[in-house]
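Trainee: Have a look at this one before I ask anything.
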Amino acid sequence: MCGIVGYIGKKPVVPILIEGLKRLEYRGYDSAGIAVYSDTGLIVQKVAGRVSRLEDLMKDQQIRSKIGIAHTRWATHGEPTDKNAHPHTDCKGRIAVVHNGIIENCNALREYLKQKGHKLRTETDTEVIAHLIEENYEGNLLKAVRIALSEVDGTYGLAVISLDHPREIVCARNGSPLVLGDGGDEFFVASDAAPIVPHTRQVVYLEDGELASITDTGFTITTLEEKEITPKIEEISWTLGQIEKEGFSSFMLKEIFEQPVTLRNAIRGRLNMTDGTARLDGLDRHHEQLERVENIVITGCGTAWHAGLIGEYMLEEMTRVPVEVEYASEFRYRSPVVDSKTILFAISQSGETTDTLAALREGKRRGATALGICNVVGSTIARATDGGVYIHAGPEIGVASTKAFTSQIMVLSLISLLMGRMRTISVDKGRGIIKAIEKIPDQVGQILELDKRIKDIAQDFYKKKNFLFLGRGYNFPVALEGALKLKEISYIHAEGYPAAEMKHGPIALIDEDMPVVFIAIRDCVFEKVLSNIEEVKSRKGVVIAITTEGDKEIESKVKYCIPIPKTIDILTPLLTVIPLQLLAYHIATLKGCDVDRPRNLAKSVTVE
Ligand code: AGP
């Protein structure tokens, strides 16, 4: 996934674009570039590496331009090099394009353009768009872009400037998000609202198949078929502070420590203690389906998929409805059992993950009611569903998902409560669950106070090469999540497993160099987990255990214990994951890794 930003107005454009790219770097950061208009020609600067390298390249240049576009890249076609960085230009350097997405038919278009005499200079699919626009340009930039895109198969969020149109940016969207910003006398386009919020909260979300022409006086929106669209101005609700580090050393650490607040936000206004149930406005129109449903599918990727596994346990326990959790990338290409009696929950923090969007559409195609559990309001997945529940975690900038994960679980517990009270859960049991839910934010705050203790533990383990994470029941998916957190930010290999499964193979890995992290809290499977710990210890394995506070028995057996407060079994993942997030964070930090922008990753994967 990549980040795009464009500006037209009265201020010098370069600082605005560079600052905008910095707010988009979590979307991809292997190269960056900028194109601005000048009377003597388009100025294009681009470089492999982070936005800061581009900023250094530009800092001594006196550029007075007030219109331009810029890009930070997550490579899909072509190595991250200066040459392959965006923007890409046409043969004469009069048209510049920045693009997020994949052009599926770029090879065929390359051949066509070569036959027309175009000289392509890079390995990227994006460059093809610049030459296609050039091929179709006859004085109207918007028209040339529209014709060019009518020949393109694939996904794009793109912005175009031209030497022949000094006061116009043309942009277009199909499958990759684009947001327009209206600052009154200055206008913006970006991949998401982060670069726009410091300047204006008035935004318009482009839809798939729409193009916009942005000038000094505003923007007009039309479709590929030239149908006029009335812009729907929306107000961004979150604040600039929410996308700043606010004194923390990284967004990831900030977002870990935000969780007491974000969990309160996920709960706010959604607990009905009188009736012992949840109140979820986004599902109000679907109560009949929630009552009639015969099978549930939960789909997502990565951390969202782990949350789905926890949702499966919750929903089956509380509703007795069969639940399947599917990797979105698998679901979309197999022939799943889905019909009008199916509810499909699509979980996605960004709301832009291509595989999850495709799985959601496949489920709808087969008759399912599709409900979203998303964080970004107005995101593509949120808008593609029949309804859903926002998790209200605020912008999650750190590439490794933390606060979104716990809020996804919280929302899943509310949905389980709502559907459970339609079936087997009594009002009294429902009230008991609500009481436990209400304690969770403070309990998370208590665990965060163990940060120093967890950092000390990380000191003993950050040089290890492999880890195993083991849990049972509700905490097996947490073991998977703990392993994912560690590997994606520290690059240490880590595997999550059901604790009992360790005997069926992974136990061969156990020795003094293979730390094993157990989730060993006093739940219904504690005794079984204790046996697994003994099996590891008898093979010289070193154990780190997430335990229930006050559990003297396990503390007598395990040197590295992280005690957490007690809660009901279905809510334990909300607490057990917190120490694993901090453990991964401290190990990665001790290793000198960039926890906010881990190598090879991007915050949201909008490619297959
Ligand atoms: C989580 O730490 C990873 N960054 C990644 O697995 C992520 O959860 C996955 O790409 C899904 O993203 P989404 O929730 O935005 O759809």
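The values are calculated or read from the model by the stated rules, or taken from the named source; none is laboratory data. These numbers come from a predicted model, not from an experiment. Reconstructed Cβ throughout: ideal geometry from the backbone, glycine too, with neighbour counts over all protein chains shown.
Trainee: What residue, of GLY363, GLY351, is within 14 Å of the chain's Cα centre (by Cα) and surrounded by 24 or more Cβ atoms within 10 Å (Cβ to Cβ)?
Mentor: After applying the criteria, what remains is GLY351.
Trainee: Further, regarding this structure: Determine if the range 461-469 includes at least one residue that is part of a helix (DSSP H, G or I), more than 16 Å from the ligand (Cβ to nearest atom) and touching a residue at least 60 places away in the same chain (Cβ under 8 Å).
Mentor: Within the range 461-469, one or more residues are part of a helix (DSSP H, G or I), more than 16 Å from the ligand (Cβ to nearest atom) and touching a residue at least 60 places away in the same chain (Cβ under 8 Å).
Trainee: Kindly state which strands (runs of 3 or more DSSP E) lie completely within the range 108-214 and contain at least 2 residues that are touching a Lys or Arg at 6+ places or on another chain (Cβ under 9 Å).
Mentor: Numbers: elements: 156-162, 165-174, 179-182, 187-190, 202-205.
By residue number, 156-162, 165-174, 202-205.
Trainee: Taking the range 306-345 only, how many residues are within 11 Å of the ligand (Cβ to nearest atom) and in a helix (DSSP H, G or I)?
Mentor: Number satisfying all stated conditions: 5.
Trainee: While we're here: Looking only at the range 572-608, how many residues end up being among the polar types (S, T, N, Q) and either within 18 Å of the chain's Cα centre (by Cα) or modelled with pLDDT under 95 (or both)? Spell out how you get there, then give the answer.
Mentor: Pass one, the range 572-608, residues among the polar types (S, T, N, Q): 572, 576, 581, 589, 600, 604, 606.
Those still in the list that are either within 18 Å of the chain's Cα centre (by Cα) or modelled with pLDDT under 95 (or both) too: 581, 600, 604, 606.
Qualifying residue count for the region: 4.
Trainee: If we scan the range 346-361, do we find a residue that is more than 13 Å from the ligand (Cβ to nearest atom), out of contact with any Phe, Trp or Tyr (no Cβ under 6 Å at 6 or more places or on another chain), in a helix (DSSP H, G or I) and not basic (Lys, Arg)?
Mentor: First pass over the range 346-361, keeping only residues more than 13 Å from the ligand (Cβ to nearest atom): 361.
If we keep only those that are out of contact with any Phe, Trp or Tyr (no Cβ under 6 Å at 6 or more places or on another chain) as well, we get 361.
Next, only the ones that are in a helix (DSSP H, G or I) stay: 361.
This time we only want the ones that are not basic (Lys, Arg), so: none.
Within the range 346-361, none of the residues are more than 13 Å from the ligand (Cβ to nearest atom), out of contact with any Phe, Trp or Tyr (no Cβ under 6 Å at 6 or more places or on another chain), in a helix (DSSP H, G or I) and not basic (Lys, Arg).
Trainee: So for the range 43-62 (the condition being within 28 Å of the chain's Cα centre (by Cα), crowded, with 18+ Cβ neighbours inside 10 Å, touching a residue at least 60 places away in the same chain (Cβ under 8 Å) and not in a loop (DSSP other than H, G, I, E, B)), does at least one residue qualify?
Mentor: No: zero hits.
Trainee: What are the pairs with Cβ atoms under 6 angstrom where one residue, in the range 586-608, is closer than 17 Å to GLY49 by Cα and the other, located anywhere, is part of a loop (DSSP other than H, G, I, E, B) and away from the ligand (no atom under 11 Å from the Cβ)? Sequence gap at least six, or different chains.
Mentor: Within 6 Å, the pairs are VAL595/SER250; ASP596/SER250; ARG597/TYR29; ALA602/GLY28; ALA602/TRP74.
Trainee: In the range 260-304, which residues are small (Gly, Ala, Ser), within 16 Å of the ligand (Cβ to nearest atom) and closer than 29 Å to SER340 by Cβ?
Mentor: Once the filter is applied, which keeps residues that are small (Gly, Ala, Ser), within 16 Å of the ligand (Cβ to nearest atom) and closer than 29 Å to SER340 by Cβ, the range 260-304 yields GLY300, ALA304.
Trainee: Still on this model: Write out, first by first residue and then by second, each pair whose Cβ atoms fall under 7 Å of each other, whose residues are 6+ apart or on separate chains, and whose first residue, in the range 388-412, is within 13 Å of the ligand (Cβ to nearest atom) while the second is basic (Lys, Arg).
Mentor: ALA393/LYS403; GLU396/LYS403; VAL399/ARG597; VAL399/LYS603; ALA400/LYS485
Trainee: Could you tell me which residue of the range 366-383 is modelled with the lowest pLDDT, considering only residues that are part of a helix (DSSP H, G or I) and either within 22 Å of LEU240 (Cα to Cα) or within 13 Å of the ligand (Cβ to nearest atom) (or both)?
Mentor: Here is the first cut: in the range 366-383, the ones part of a helix (DSSP H, G or I) are 380-383.
Now narrow it down to the ones that are either within 22 Å of LEU240 (Cα to Cα) or within 13 Å of the ligand (Cβ to nearest atom) (or both): 380-382.
Numbers: THR380: 88, ILE381: 93, ALA382: 92.
So, considering only residues that are part of a helix (DSSP H, G or I) and either within 22 Å of LEU240 (Cα to Cα) or within 13 Å of the ligand (Cβ to nearest atom) (or both), the one modelled with the lowest pLDDT is THR380.
Trainee: Which one of ILE440, ILE391, ILE457 is touching a Phe, Trp or Tyr at 6+ places or on another chain (Cβ under 6 Å) and either under 23 Å from PRO579 (Cα atoms) or acidic (Asp, Glu) (or both)?
Mentor: Result: ILE457 is the single residue among ILE440, ILE391, ILE457 that is touching a Phe, Trp or Tyr at 6+ places or on another chain (Cβ under 6 Å) and either under 23 Å from PRO579 (Cα atoms) or acidic (Asp, Glu) (or both).
Trainee: Now, a different point. Taking the range 231-278 only, how many residues are among the acidic types (Asp, Glu) and closer than 22 Å to GLY181 by Cβ?
Mentor: If we filter the range 231-278 for residues that are among the acidic types (Asp, Glu), which is where we start, we get 234-235, 244, 246, 255, 258, 275.
If we keep only those that are closer than 22 Å to GLY181 by Cβ too, we end up with 234-235, 244.
Looking only at that region, the number is 3.
Trainee: Would you mention how many residues in the range 153-170 are modelled with pLDDT of 95 or more and either over 15 Å from ASP216 (Cα atoms) or out of contact with any Gly (no Cβ under 9 Å at 6 or more places or on another chain) (or both)?
Mentor: Residues in the range 153-170 being modelled with pLDDT of 95 or more and either over 15 Å from ASP216 (Cα atoms) or out of contact with any Gly (no Cβ under 9 Å at 6 or more places or on another chain) (or both): 11 in total.
Trainee: Further question: If you take the residues in the range 559-608 that are part of a loop (DSSP other than H, G, I, E, B) and small (Gly, Ala, Ser), which one is farthest from the ligand (Cβ to nearest atom)?
Mentor: First, pick out the residues of the range 559-608 that are part of a loop (DSSP other than H, G, I, E, B): 559, 565-568, 591-608.
Now drop any that are not small (Gly, Ala, Ser), which leaves 592, 602, 604.
Values: GLY592: 20, ALA602: 8, SER604: 5 Å.
Per the criteria, the residue is GLY592.
Trainee: Which pairs have Cβ atoms under 8 Å, sit 6 or more apart or on different chains, and link a residue in the range 296-314 that is over 11 Å from SER348 (Cβ atoms) to one that is more than 14 Å from the ligand (Cβ to nearest atom) and part of a loop (DSSP other than H, G, I, E, B)?
Mentor: Correct list of pairs: ILE296/VAL321; ILE296/PRO322; VAL297/PRO336; VAL297/VAL338; VAL297/ALA368.
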